[in-house]
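Below is one structure, written out as structure tokens; the observations come after it.
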Amino acid sequence: MKRRTVFLIFCVGLSIANDKTGSQSEYEAGNALFVNRQYTDALTHYHKAIELDPTNYQAIFRRATTYFTFGRTKPGLVDLDTVLEQKPDFAGARNQRANVLIKMGRLEDALADLRYLNSGSSASDEIQEKLESIEQLKNEKQILSQVPLGENCDVVEEMTTKLLESQPWDSSLYIQRAKCHQAENRLKTAIHDLKHASKLSSDNTEFLYEMSVMEYQVGDVRDSLSTIRECLKINPDHKTCYASYKSLRKIVKSLDLMKNSMEEQKWVDCLERGEKLLKSNVDDIAVKVNVYRLTCQCNREEGNIGEAIQQCNQVLEFDDSDVETLIQRAEAYMADEEYDLATTDYEKAMEFDSSNEAAKTGKDQAKRAKELVGKRDYYKILGVRRNANKREITKAYRKKAQKWHPDNFQDEKEKKKAEKKFIDIAAAKEVLSDDEKRRAFDNGQDPLDSENGRNGHGGGGGFHDFQGFNPFGRGGGGGSRSNFFFHF
């Protein structure tokens, strides 16, 4: 019996020794990866090292450092606490914890660590300077705490901005600055600060609700819904957040249905859904703005240019930095041949988003369109947008060609007029359906100018001399209606 007990003790000791050896190997592997900035892989090895030997304080310390590299403050701080429980005189861990606590705004806790260091062998001028610096920070925060929320905002903004340089992980500073932004109706700036605060203090349902309200007030209903969801993740029984969630979800669902109609190019359906949503939220500015952002485009696509511009105007009165709406209004101006106004909107969109390709392209097109005033504009002839695709061009062409086919007219004067329009329609289709010719036209050149008779500007030619061209694919360019075949 005695021998067996000794054997078991030996086996346990051997197992512990093996674990410690394995832990050290994992720790060293993690260090090699950390040096090469392969932090994710390093973290995996530190996890294994600590699992094999929970007393390996060096591995725990290194894991804490890796957590901080990822910006994961809480687990990093827990690891440092564990290290200092095991080895209170580990100066590196205590100094690092003090630095983290300062960044979090926990100045009293940081002072405790630094005083511990200053009283032992780690005392230095650097530690003394930190102690003095923290005392100064404490005084400044004390002054700031005496300022009522939302008041003396110039002073508060200056002080919080300065304090955040040394305490970037202190959510209370972001919240106090956000209150001032809110008081001065700078809601987007306030939201920006509250988002920082929410990342640092993820269990505060009250300011999550407040942030959701502000997001709604600036018209960001999707962001508002997302923030309310975060509130409910923390507390599913939060009555105020749940009530807002139900309302927001219904609005966002209706807006999604409008977007679905737009993706399917069902413009009338989009407008009808928008009208229905507005009727159920008559006095809600946020709903109106979100609906008009969509119906602005739907009306333009449907050819209701005046209404499109009016709705874009209302959105931009609410938020003049809305880049997408500026571009939509510019396109409506283009359709209305208001090229200078379109250019102004494209330029303003680029001021807010210099990398926006749609604004850059639109500005160039507006410039070229203005140069074409008085000349043939093939887009205008077919009544399509300048970014219309080939399917839209073909559809518009067929509709126009059917309307202006010369055989539809008996009066000779009207027939001559129709012939000219028919030739222009066919020319527009030829240019806009050909990538190379369309590119030349978009660059300010008419690719048919050099083709005699093609555009009615050169050598004779009328409808029957249009090189036998049949825009519908069969039959001759002239002849009677009975010899002409339509394909729609």
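Quick look at the numbers
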{"item": "In the stretch 112-126, the residues that are buried (at least 19 other Cβ atoms within 10 Å of the Cβ) and closer than 27 Å to residue 200 by Cα", "result": "113, 114"}
{"item": "Complete set of residues in the stretch 46-58 that are open to solvent by less than 50 Å² (accessible area, probe 1.4 Å) and either in a helix (DSSP H, G or I) or in contact with a Gly (Cβ under 6 Å, 6 or more places away or on another chain) (or both)", "result": "46, 49, 50"}
{"item": "Boolean, residue 310 is modelled with pLDDT of 95 or more, open to solvent by 40 Å² or more (accessible area, probe 1.4 Å) and either assigned to a helix (DSSP H, G or I) or at positive phi (or both)", "result": "yes"}
{"item": "All positions within the stretch 269-285 that are open to solvent by less than 70 Å² (accessible area, probe 1.4 Å) and either basic (Lys, Arg) or part of a helix (DSSP H, G or I) (or both)", "result": "269, 270, 271, 274, 277, 278"}
{"item": "Pairs where the first residue, in the stretch 223-244, is part of a helix (DSSP H, G or I) and the second is among the basic types (Lys, Arg), C-beta under 9 Å, 6+ apart", "result": "225/249; 227/195; 228/249; 241/229"}
{"item": "Helices (runs of 4 or more DSSP H) within the stretch 103-211 that include 1 or more residues within 30 Å of residue 225 (Cβ to Cβ) and hydroxyl-bearing (Ser, Thr, Tyr)", "result": "153-166, 171-183, 187-200"}
{"item": "Where a residue in the stretch 41-60 is in the same structural domain as residue 27 (by the TED database) and its partner, wherever it lies, is assigned to a loop (DSSP other than H, G, I, E, B) and open to solvent by less than 70 Å² (accessible area, probe 1.4 Å), with Cβ under 8 Å and at least six apart", "result": "49/56; 50/56; 57/87; 57/90; 59/53"}
{"item": "Single unsatisfied condition, residue 257 versus (1) in contact (Cβ under 8 Å) with a residue 24 or more places away in the chain; (2) in a helix (DSSP H, G or I); (3) open to solvent by 60 Å² or more (accessible area, probe 1.4 Å); (4) over 24 Å from residue 199 (Cβ atoms)", "result": "(1)"}
{"item": "Residues within the stretch 127-150 that are open to solvent by 100 Å² or more (accessible area, probe 1.4 Å), farther than 15 Å from residue 167 by Cβ and not aliphatic (A, V, I, L, M), tallied", "result": "3"}
{"item": "Matching helices (runs of 4 or more DSSP H) fully within the stretch 340-434 where at least 2 residues are within 30 Å of residue 321 (Cβ to Cβ) and open to solvent by less than 60 Å² (accessible area, probe 1.4 Å)", "result": "357-371"}
{"item": "Residue match in the stretch 174-186 (condition: open to solvent by 40 Å² or more (accessible area, probe 1.4 Å), within 26 Å of the chain's Cα centre (by Cα) and on the phi > 0 side of the Ramachandran plot)", "result": "yes"}
{"item": "Odd one out for residue 288 among (1) assigned to a loop (DSSP other than H, G, I, E, B); (2) within 23 Å of the chain's Cα centre (by Cα)", "result": "(1)"}
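Yes/no matrix, rows are residues, columns are (1) surrounded by fewer than 22 Cβ atoms within 10 Å (Cβ to Cβ); (2) over 36 Å from the mean Cα position of the chain (by Cα):
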| site | (1), (2) |
| --- | --- |
| 42 | no, no |
| 60 | no, yes |
| 64 | no, no |
| 78 | yes, no |
| 86 | yes, yes |
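Residue-wise test of (1) at pLDDT below 95; (2) of a type in the set (Lys, Arg); (3) under 18 Å from residue 73 (Cα atoms).
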{"residue": "102", "(1), (2), (3)": "no, no, yes"}
{"residue": "118", "(1), (2), (3)": "yes, no, no"}
{"residue": "146", "(1), (2), (3)": "yes, no, no"}
{"residue": "155", "(1), (2), (3)": "yes, no, no"}
{"residue": "176", "(1), (2), (3)": "yes, no, no"}
{"residue": "184", "(1), (2), (3)": "yes, no, no"}
{"residue": "187", "(1), (2), (3)": "yes, no, no"}
{"residue": "198", "(1), (2), (3)": "yes, no, yes"}
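The values are calculated or read from the model by the stated rules, or taken from the named source; none is laboratory data. Model, not experiment: these values are computed from the prediction. Don't worry about glycine lacking a Cβ; one is built from the backbone with ideal geometry, like all the others, and counts go over all protein chains shown. Calculation scope for accessible area: heavy atoms of the full protein, side chains included, ligands and nucleic acids excluded. Shrake-Rupley method; radii C 1.70, N 1.55, O 1.52, S 1.80 Å.
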